[in-house]
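The values are calculated or read from the model by the stated rules, or taken from the named source; none is laboratory data. Since this is a predicted model, take the numbers as computed values, not measurements. In this analysis, Cβ positions are derived from the backbone assuming ideal geometry, glycine residues included, and neighbour counts consider all displayed protein chains. We work out accessible area using only protein heavy atoms, side chains counted, and drop any ligands, DNA or RNA first. Shrake-Rupley method; radii C 1.70, N 1.55, O 1.52, S 1.80 Å.
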Amino acid sequence: MRPVWLALMLSLLASLPTFPQTADSSQPEGTISGTVLDEHGQPFKGVQVCTYMLGAPEGSKESRGDCPATTDEAGKFRIDHVAMGTFGVEAIKLEDGYVAFAGTSVKEVVTLTPNQLSATVVLKLGPKPGVLLPSVKDKFTGKPVTVFEVSWAISNPEKPNSTYSGGQTISRLNERAIVPPEKYLVLTISARGYEKWVYHDPSDPSRPATIRLQPGEEKELLVELEPQAPEDR
């Protein structure tokens, strides 16, 4: 599985000058084109399309990838000057929550060769992510805690040894936490100087529980963090 941070890094890289997908201009170059659709099968405008070379040396610019294309009004994109090789092609829209770590982006694998210089893909995004809107404060003073970490892990009793987790730092600049939809999540919230908070059964605060959001569902959370004892800090 690709690292959680990769989709975010790809989004940031999209604002930087793009590098050629091939290091040797004497080699053949190909084209990757296609269409991105939303969860209803309609053309999706403004979606970033990112590529990364499978099997490239770890840490190389090819393995890190690039986001050289954005879909137009018809959901179309085209990437030229692509090297020969096998590529992951991923559609992401960070501002709408379509990202790899939430399981709401989509990707395909294509291979370009001198005999096959072009590839066409259709990428259908969705479902929409769930969104948590946490409001966190100090349990004793009532003062808001403005910087904290929201972490989650998918609970799957059938596969207890294969966990998938993620998380986000929340601040005044980013007050929404994106989570995978339709999954049972073990949710924790932590902040410096405070005990970790674990989501619990609303009817029984002493009982930890999982949380599950539907696609597109937004849920407010009112969280009180208890300060750590001085010796624990």
Hey, what did segment 126-183 get for relative contact order, percent, Cα under 8 Å, at least 6 apart?
-> 44 percent
Please report, in debye to the nearest 20, how large the charge dipole of segment 153-233 is about its Cα centre when each Lys and Arg carries +1 at its beta carbon and each Asp and Glu carries -1 there.
-> 300 debye
Can you give the accessible area per residue of segment 127-229, in Å², using a 1.4 Å probe?
-> 61 Å²
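Filter the trypsin sites (Lys or Arg not before Pro) in segment 160-209 down to the DSSP loop ones having no more than 12 other Cβ atoms within 10 Å, then list what survives.
Sites meeting the loop and neighbour criteria: ARG172, ARG192.
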In square angstrom, rounded to the nearest 10, how much accessible surface does GLU224 have for a 1.4 Å probe?
-> 90 Å²
Label the chain by shape, choosing from rounded, prolate and oblate, from the square roots a ≥ b ≥ c of the eigenvalues of the Cα gyration tensor; if a/c is under 1.5 it is rounded, and otherwise prolate applies when a/b is larger than b/c, oblate when it is not.
-> prolate
Gaussian network model of the chain, Cα within-10 Å springs - most flexible of ASP96, ASP80, ASP204 | ASP204
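Once you order the gyration tensor axes a ≥ b ≥ c over the Cα atoms, which shape class does segment 133-190 get: rounded for a/c under 1.5, otherwise prolate or oblate by comparing a/b with b/c? Before the final figure, lay out each step's value.
Numbers: a/c = 3.11, a/b = 2.14, b/c = 1.45.
Because a/c hits 1.5 or more and a/b exceeds b/c, segment 133-190 counts as prolate.
Stick to Cα atoms and the Kirkwood definition of Rh, then tell me Rg/Rh for segment 18-140.
On the Cα set of segment 18-140, Rg over Rh gives 1.09.
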Evaluate the Kirkwood expression for the hydrodynamic radius of segment 64-129, namely the inverse of the mean inverse distance over all pairs of different C-alpha atoms, and round to one decimal in Å.
-> 13.1 Å
Indicate the gyration tensor shape class of segment 124-233 (rounded, prolate or oblate), computed on the Cα atoms with a ≥ b ≥ c the square roots of the eigenvalues: a/c under 1.5 is rounded; otherwise a/b larger than b/c is prolate and the rest oblate.
-> prolate
The chain: relative contact order in percent, alpha carbon pairs under 8 Å with at least 6 residues between = 18 percent
Considering only protein heavy atoms and a 1.4 Å probe, what is the carbon-and-sulfur percentage of the accessible area of the chain?
-> 51 percent
Quick one: work out the % antiparallel among DSSP beta bridges in the chain, nearest 5.
-> 75 percent
